[in-house]
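**Q** Mind having a look at this structure? Questions to follow.
The values are calculated or read from the model by the stated rules, or taken from the named source; none is laboratory data. Note that the structure is predicted; figures quoted are calculated from it, not measured. No Cβ is skipped: glycine too gets one built from the backbone with ideal geometry, and neighbour counts run over all protein chains shown. The area values use the complete protein model at the heavy-atom level, side chains included, leaving out ligands, DNA and RNA. Shrake-Rupley method; radii C 1.70, N 1.55, O 1.52, S 1.80 Å.
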Amino acid sequence: VLLFEALREALIEEMKEDPTVCVFGEDVGHYGGSYKVTKGLAEMFGDLRVLDTPIAENSFTGMGVGAAMKGLRPVVEGMNMGFLLLAYNQISNNCGMLHYTSGGQFKIPIVIRGPGGVGRQLGAEHSQRLESYFQSIPGLQMVACSTPYNAKGLMKAAIRSENPVVLFEHVLLYNLKEKIPDEEYVLCLEEAEMVRPGEHVTILTYSRMRYHVMQAAKTLVNKGYDPEVIDIRSLKPFDLHTIGNSIKKTHRVLIVEECMRTGGIGASLRSAIIDNFWDYLDAPIMCLSSQDVPTPYAAPLEDATVVQPAQIVAAVEQICQ
């Protein structure tokens with residue numbers, strides 16, 4: 001199953017199981033979504049449950065919040081994550097806060113999802129990584145899928161959650177292929193995934209960078225290193241139990257992200273590790289992040305802004321000296 005098909009399977013299963021689940025967004029209906037995650041859903045469930053909206057992100061995200069307040073479970077697709085900046089007010093002031101500001105009278109079980117990250121020459125405005133923008137919003141959960149297996153399990157969990165959840169999908173991962181179980185499964189929204197056990201250094205990563213890290217891990221093993229790789233998956237809150245157990249074993253940490261360096265997920269994660277596991281560290285925490293520049297269109301320059309496997313190898317060698 002391809003990753004976009006796994007997301008589609010999750011939507012279909014949840015929409016069959018629960019009539020309150022609905023989908024809003026640009027071209028999600030008869031066109032099937034810009035990356036075909038909602039292909040065929042309009043024919044299965046009708047135009048009222050799979051609603052093609054105008055190009056007005058603030059309007060249809062606000063409509064999704066209102067629908068959630070009234071008992072529906074909307075899944076709002078941003079055709080590109082960068083477009084959801086137009087709905088930042090709805091996501092921040094409404095999604096994140098209404099449960100609190102209503103004194104618990106309203107729950108907001110909404111999923112906001114869509115493609116983001118640095119693609120292949122999509123230009124600055126279509127190469128946004130919004131994790132850093134949304135992480136400071138109180139009341140919002142954030143998860144990032146990286147495989148067809150966890151994409152389906154996280155999507156199902158997000159739809160069933162009583163909290164507003166932002167599900168980050170990477171534009172370059174939609175065509176990843178993997179066998180997934182035929183039987184139903186749902187993952188925990190707050191758990192990291194142990195990708196590769198090791199002894200020498202803990203590498204924390206998520207989304208597309210998981211694959212750059214695993215590429216680097218092959219080189220590191222050949223050089224005699226034994227890295228432990230964890231896909232943090234839950235960007236808010238962090239799974240400090242899994243992360244902490246790894247640090248207590250390896251005593252060294254490298255964070256690899258595609259998010260920007262300033263105010264990114266890596267900065268928050270480094271702060272959490274220092275607060276909770278300082279006594280277990282034998283070396284400074286290193287963080288490899290994207291350059292703090294708009295993503296260039298030119299392919300060589302685009303590659304230069306994003307962490308590459310060779311940089312990960314060099315960083316591990318430096319930490320383990």
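**Q** Just the C-alpha atoms of the range 149-286: what Rg/Rh do they give, with Rh taken as the Kirkwood radius?
**A** Working: Rg = 15.4 Å, Rh = 15.9 Å.
Checking Rg against Rh, the ratio lands at 0.97.
**Q** Which value, in Å², gives the accessible area per residue of the chain when a 1.4 Å probe is used on the protein heavy atoms? Provide the component values of the computation, followed by the final result.
**A** Numbers: 13450 Å² over 321 residues.
That works out to 42 Å² per residue.
**Q** Just give me a number: lysine pairs in the range 3-170, eight or more positions apart or cross-chain, with C-alpha atoms less than 24 Å apart.
**A** The number of close lysine pairs in the range 3-170 is 14.
**Q** Please state the shape class of the range 218-321: rounded when a/c is under 1.5, otherwise prolate if a/b exceeds b/c and oblate if not, all from the C-alpha gyration tensor.
**A** Numbers: a/c = 2.16, a/b = 1.31, b/c = 1.65.
It comes out oblate by the Cα gyration axes.
**Q** Quick one: with all protein chains in place, what share of the accessible area of the chain is carbon or sulfur, to the nearest percent (1.4 Å probe)? Present the calculation step by step, with values, prior to reporting the outcome.
**A** Working: 7150 of 13450 Å².
Carbon with sulfur: 53 percent of the solvent-accessible area.
**Q** Given the chain reduced to its alpha-carbon atoms as identical point scatterers, what log10 I(q)/I(0) does the Debye formula return at q = 0.14, 0.15 Å⁻¹?
**A** -1.07, -1.21
**Q** Let me ask something else about it. If each of Q105 and Q321 carries a label point 7 Å out from its Cα toward its Cβ, how far apart are those two points in nm?
**A** Calculated label separation equals 6.2 nm.
**Q** Using 0.36 nm per residue, how much length does the chain from L2 to D226 gain when fully extended, once their Cα-Cα distance is taken away?
**A** Full-extension gain reported as 77.6 nm.
**Q** What number, rounded to the nearest 500 deg cm²/dmol, is the helix-based mean residue ellipticity at 222 nm of the chain, given -39500 (n - 2.57) per DSSP H run of at least four residues and division by all its residues? Intermediate results must be reported in sequence, preceding the final value.
**A** On the way: 11 runs with 110 residues, N = 321.
Roughly -10000 deg cm²/dmol at 222 nm, from the helical runs in the chain.
**Q** Of K156, K218, K236, K248, which has the most accessible area with a 1.4 Å probe, and how do the rest follow in descending order?
**A** Working: K156 0, K218 145, K236 45, K248 90 Å².
The ranking, largest first, comes out as K218, K248, K236, K156.
**Q** Would you please give the FRET efficiency between L281 and L85, computed as 1/(1 + (r/R0)^6) with r the Cβ-Cβ distance and R0 = 45 Å, to the nearest 0.05? Please report the intermediate quantities before stating the final value.
**A** Numbers: r = 36 Å, r/R0 = 0.80.
Using R0 = 45 Å, I get an efficiency of 0.80.
**Q** Which ³J(HN,Hα) values in Hz, rounded to whole numbers, follow from the phi angles of the range 89-106 under the Karplus curve 6.51 cos²θ - 1.76 cosθ + 1.60, where θ = phi - 60° and Gly and Pro get x?
**A** The phi angles translate into 4, 5, 5, 7, 6, 9, 3, x, 10, 5, 4, 6, 6, 8, x, x, 5, 10 Hz.
**Q** Tell me, what ³J(HN,Hα) does each residue in the range 72-85 have, in order and in whole Hz, if you take phi through Karplus 6.51 cos²θ - 1.76 cosθ + 1.60 with θ = phi - 60° and put x for Gly and Pro?
**A** Per residue, the Karplus-derived 3J(HN,Hα) values read 8, 10, x, 10, 9, 9, x, 3, 9, 4, x, 5, 6, 4 Hz.
**Q** Using only the alpha-carbon atoms, how far is helix 3-17 inclined from the longest principal axis of the chain? Give it as 0 to 90 degrees, nearest 10.
**A** Roughly 40 degrees between the two axes.
**Q** List the trypsin sites (Lys or Arg not before Pro) in the range 1-75 that DSSP assigns to loop (not H, G, I, E or B) and whose Cβ has at most 13 other Cβ atoms within 10 Å. Which are they? List each step's numbers first, then the result.
**A** Working: sites: R8, K16, K36, K39, R49, K70; in loops: K36, K39, R49, K70.
Those satisfying the criteria are K70.
**Q** Then there is this: Under Stokes-Einstein, with the Kirkwood radius over Cα pairs standing in for Rh, what whole-number D in µm²/s applies to the range 3-170 at 20 °C and 1.002 mPa s? Before the final figure, lay out each step's value.
**A** Details: Rh = 15.6 Å.
This corresponds to a translational diffusion coefficient of 137 µm²/s.
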